[in-house]
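Enquirer: The structure follows.
The values are calculated or read from the model by the stated rules, or taken from the named source; none is laboratory data. Being a predicted model, the structure only gives us computed values, none of them experimental. Glycine also receives a Cβ, built like all others from the backbone with ideal geometry; neighbour counts cover every protein chain displayed.
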Amino acid sequence: MTGVEAPQPGVTGSARSRPPKPSPTPTSCGSWPTSSTRPPKRPVLAFHHAAQGEEDKIRVVINRLRELTRACDYAYYVDIAHFMAGLPLPSPSTATWLDGPDAVRAHWQQLVQDRRSRLGTGE
């Protein structure tokens, strides 16, 4: 291989250029920029910021999650981010939690506390 792309039959010039990148927001419920089968990575960021005690950063992530999940299947991610950060929900949740919201909140807060302990950032 010489690193030079071989010409493709019937394709010339800019026709070989890459397709445009997807928009950074979903075009419809569940239609994420990476794939409709993969939810956004923002819940991971929320966990990271919660474990680090970075309240300002987690609020930014929560706001972005709210934008991305408005009326979509992943709207419960906003609740989980609030639970991880120990923040109250701004309005009643639309999610139905199998174990109830208090148990789910306690579970996520315990995960954050465990991570803080491992990182040595525990309060």
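Enquirer: Give the residue that is nearest to Ala46 (Cα to Cα), with candidates limited to residues of segment 67-110 that are exposed (fewer than 15 other Cβ atoms within 10 Å of the Cβ) and among the charged types (D, E, K, R).
Expert: Per the criteria, the residue is Glu67.
Enquirer: While we're looking at this one, here's another question. Among the residues of segment 65-103, count how many are free of Cβ contacts under 8 Å to residues at least 12 places away in the same chain and among the basic types (Lys, Arg).
Expert: Looking only at that region, the number is 1.
Enquirer: For segment 45-54: of the residues being touching a residue at least 12 places away in the same chain (Cβ under 8 Å), in a helix (DSSP H, G or I) and surrounded by fewer than 20 Cβ atoms within 10 Å (Cβ to Cβ), which is farthest from the chain's Cα centre (by Cα)? Steps first, answer last, please.
Expert: So in segment 45-54, the residues touching a residue at least 12 places away in the same chain (Cβ under 8 Å) come out as 45-47, 49-53.
Next, from what is left, pick out any that are in a helix (DSSP H, G or I): 45-47, 49-52.
Among the residues that remain, those that are also surrounded by fewer than 20 Cβ atoms within 10 Å (Cβ to Cβ) are: 45, 52.
Working: Leu45: 7, Gln52: 17 Å.
Among them, the one singled out is Gln52.
Enquirer: Return the residues of segment 74-102 that are of a type in the set (A, V, I, L, M, F, W, C) and touching a Ser or Thr at 6+ places or on another chain (Cβ under 7 Å); say none if nothing qualifies.
Expert: Passing the criteria: Ala75, Val78.
Enquirer: Also: Which condition does Glu123 not pass, out of (1) surrounded by 12 or more Cβ atoms within 10 Å (Cβ to Cβ); (2) at pLDDT below 90; (3) in contact with a helix residue (DSSP H, G or I) (Cβ under 8 Å, 6 or more places away or on another chain); (4) not basic (Lys, Arg), if it passes all the others?
Expert: All conditions pass for Glu123, except number (1).
Enquirer: When segment 55-65 is examined, which residues are found to be out of contact with any Phe, Trp or Tyr (no Cβ under 7 Å at 6 or more places or on another chain), more than 14 Å from Pro88 (Cα to Cα) and buried (at least 16 other Cβ atoms within 10 Å of the Cβ)?
Expert: Lys57, Val61, Arg64
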